[in-house]
Amino acid sequence: MSRTRSRVALAGVVYATLLAQVLLYPGIDALVGALGAETDLDASMWFLAAEFAAFVVFAVPWGMASDAAGRRIPFVAAGALLGAVGYLLLATLPVSFDLPFAAVLALRAFQGAATVGAFSLAMTMLMDLEGTHGRNMGATGIAIGLGTATGAPLGGVLYGFGPFVPLYAASGVFLLVALCVPFVVDRAPSATDRESPFAGLRRTPRLALPYAFGFVDRLTAGFFSLVGTLYFRTVFGLSPAATGATLALFFAPFALLQYPFGVVSDRIGRTVPIVAGSALYGGAVILVGVVPSLRAAQAGMVLVGVLGALMVPATLALVTDLADPTERGVAMAGFNIAGSVGFLVGIVAGGLVADAYGYRTAFLAVGGLELALAAATLPAFLRVERGPTAESG
């Protein structure tokens with residue numbers, strides 16, 4: 001299989017993972033209710049958090065096992081197959097055996113531990129395609145964006161047929177991945193010990209800059225996956241289908257504009273897209289939570305998507321700019337772990353703040369955090385921009 005076909009196939013695995021994941025978001029309150037939960041916000045929060053906690057814990061073991069074996073394909077296929085089983089168990093066991101919600105969360109964690117293997121190692125395989133790093137990361141960004149952009153509205157439609165239908169659909173998606181991925185050429189390097197994902201951070205402390213923004217940007221994504229969904233469901237009374245369409249107002253521009261904004265960051269440097277973009281992004285997040293009408297909130301979602309597309313490729317490119325060429329895989333792994341932790345914090349902290357102080361305060365807190373990070377890191381960005389980043393642009 002050619003590199004181009006491998007790139008498309010592996011991007012398809014990344015796309016499938018995000019698609020399956022986001023299918024559940026538009027009607028998450030209806031799903032946890034059907035699974036036996038008694039509260040919408042708290043139960044939804046822990047249901048989403050269980051998956052991302054498993055992502056954080058199991059991403060490194062999957063990578064270590066793959067590196068030690070010197071192979072990727074068997075692990076991607078195993079993760080996808082176990083992920084399909086996990087989604088299927090979520091759809092069938094709780095109702096068949098009247099499981100307590102704690103057992104449901106355990107099943108959710110199992111599903112997350114499995115699917116992160118397929119997701120993380122598919123991204124690693126894209127890095128294994130030598131000599132085309134920019135195209136490979138571009139394919140990854142497009143796959144992530146399109147997966148979220150199509151998953152939200154499709155999930156909303158599927159909820160119209162029943163609360164468990166998105167779970168069955170997600171299981172089918174991962175089964176298809178498990179069947180197809182063995183046909184991809186495995187270009188893993190020879191068996192080796194895996195270095196710590198944050199080893200590059202010790203050698204290149206400036207990587208803390210993109211890691212910090214990756215953490216906070218994914219925190220806002222986690223926040224929208226839970227608090228944003230329930231905000232539109234409860235405050236504006238939207239159905240799952242309408243909620244999915246509203247979430248797509250963010251995901252669509254986020255997916256479609258990443259490549260052109262990445263080109264812009266190559267021409268003007270990383271500081272303006274990341275720092276100025278983050279400041280505007282924080283303001284847009286606050287705007288969504290304080291405007292009085294649905295139409296204004298939906299317009300705010302479009303703005304959040306556009307500004308997110310401005311920041312993300314520049315942040316990913318900054319990781320590449322700062323890391324030694326021989327350490328980019330490790331540096332990117334650290335960035336992804338920081339992002340996964342951010343997503344988890346966004347779900348849990350956002351849910352707790354919204355529960356205790358209301359939706360408006362939660363939006364103010366998350367948007368304010370983005371604004372504060374932009375202000376605090378501007379001097380450091382200006383120093384970095386005079387160094388390797390400016391040269392790379």
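The values are calculated or read from the model by the stated rules, or taken from the named source; none is laboratory data. If you're wondering where the values come from, they're calculated on a predicted model, not measured in any experiment. When we count neighbours, we look across all protein chains shown, and the Cβ atoms used for this are built from the backbone with ideal geometry, even at glycine. We work out accessible area using only protein heavy atoms, side chains counted, and drop any ligands, DNA or RNA first. Shrake-Rupley method; radii C 1.70, N 1.55, O 1.52, S 1.80 Å.
Details
- Sorting 15, 25, 259 by accessible area puts them as 259, 15, 25; the probe is 1.4 Å, largest comes first, and only protein heavy atoms count.
- Simple Cβ-charge dipole of the chain, Lys/Arg +1 and Asp/Glu -1, about Cα centre, in debye nearest 20: 720 debye
- Amide H to amide H distances under 5 Å link residue 238 with 233, where only residues 5 or more positions off or on other chains count and H is placed in the peptide plane.
- Simple label model, 7 Å out from Cα along Cβ direction - residue 268 to residue 2, nm: 3.6 nm
- The stretch 146-249 - Debye-derived log10 I(q)/I(0), Cα point model, q = 0.16, 0.24 Å⁻¹: -0.94, -1.20
- The average projected area of the chain, computed from the convex hull of its Cα atoms over all directions, is 17.4 nm².
- A Gaussian network model of the chain, with springs between Cα atoms under 10 Å, assigns the largest mean-square fluctuation among 53, 69, 317 to 69.
- Residue 34 paired with residue 96, simple spin-label distance in nm, labels 7 Å along Cα-to-beta-carbon: 1.6 nm
- In this simple spin-label approximation, residue 382 and residue 183 carry label points 7 Å from Cα along the Cα→Cβ vector, and these lie 5.5 nm apart.
- Rounded percent of accessible protein surface that carbon and sulfur make up, the chain, 1.4 Å probe: 69 percent
- Karplus (6.51, -1.76, 1.60) ³J(HN,Hα), θ = phi - 60°, over the stretch 219-233, in Hz, Gly and Pro reported as x: 4, 5, 5, x, 4, 5, 5, 9, 5, x, 4, 5, 4, 5, 6
- Alpha-carbon Debye profile of the stretch 330-369, log10 I(q)/I(0) at 0.16, 0.18, 0.21 Å⁻¹: -0.46, -0.54, -0.64
- Per-residue ellipticity at 222 nm, computed for the chain from helices alone with -39500 (n - 2.57) per DSSP H run of at least four residues, works out to -27000 deg cm²/dmol.
- Top of 68, 34, 284 by mean-square fluctuation, Gaussian network on the chain, Cα under 10 Å: 68
- The stretch 60-186 - accessible surface per residue (Å², probe 1.4 Å): 39 Å²
- Summarised in one figure, the compactness ratio Rg/Rh of the stretch 218-370, Cα atoms and Kirkwood Rh, is 1.00.
- Along the stretch 281-286 the Karplus relation, 6.51 cos²θ - 1.76 cosθ + 1.60 evaluated at θ = phi - 60°, assigns HN-Hα couplings of 4, x, x, 5, 4, 4 Hz to successive residues, with x for each Gly and Pro.
- Each listed q (0.11, 0.12, 0.21 Å⁻¹) maps to a log10 I(q)/I(0) for the stretch 19-173 from the Debye sum over equal C-alpha point scatterers, namely -0.45, -0.53, -1.35.
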